[in-house]
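Bear in mind these aren't lab numbers, they're just calculated from the coordinates by the rules spelled out. All of these numbers come straight from a predicted model, not from anything done at the bench. Glycine also receives a Cβ, built like all others from the backbone with ideal geometry; neighbour counts cover every protein chain displayed.
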Amino acid sequence: MSYGLELSHQAKKTLKLLDKSTIKRIEKRFLELCRVPYDSRCSDPLEMGEEGEWKTRVGNWRIIYTIRENDKKVYIFSIEPRSRAYRRF
């Protein structure tokens, strides 16, 4: 079963600032997450965050997301360089 995708305002804003090749790589990861959001080959549970938060890596960028089972959506709430991705913890 495929999941839908929803991006936070912050994630959309970050995407607009990236170069085209990085955007393509991130969009490819979005498609993978929508097909298999719990795939341990490309994602890990976020150890420092809230229960149910996940992270995935695309080059130097980190995508932090949650999986909403009730409406079958992957919610991307943060796309940041690794150096800033974990500061909120």
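Of note:
- Cα-based reach from Lys55 at 20 Å (exclusive), listing lysines while leaving out same-chain residues under 8 positions away: Lys12, Lys13, Lys24, Lys28, Lys72, Lys73
- The chain: relative contact order in percent, alpha carbon pairs under 8 Å with at least 6 residues between: 34 percent
- The range 1-50: GluC sites (Glu not before Pro) in DSSP coil with no more than 16 other Cβ atoms inside 10 Å: Glu47, Glu50
- FRET efficiency estimate (nearest 0.05) - Cβ-Cβ, Ser2 to Asn60, R0 30 angstrom: 0.60
- Fraction of beta bridges assigned by DSSP in the chain that are antiparallel (%, nearest 5): 80 percent
- Computed over the alpha-carbon atoms, the chain gives an Rg to Rh ratio of 0.93, Rh here being the Kirkwood radius from the mean inverse distance.
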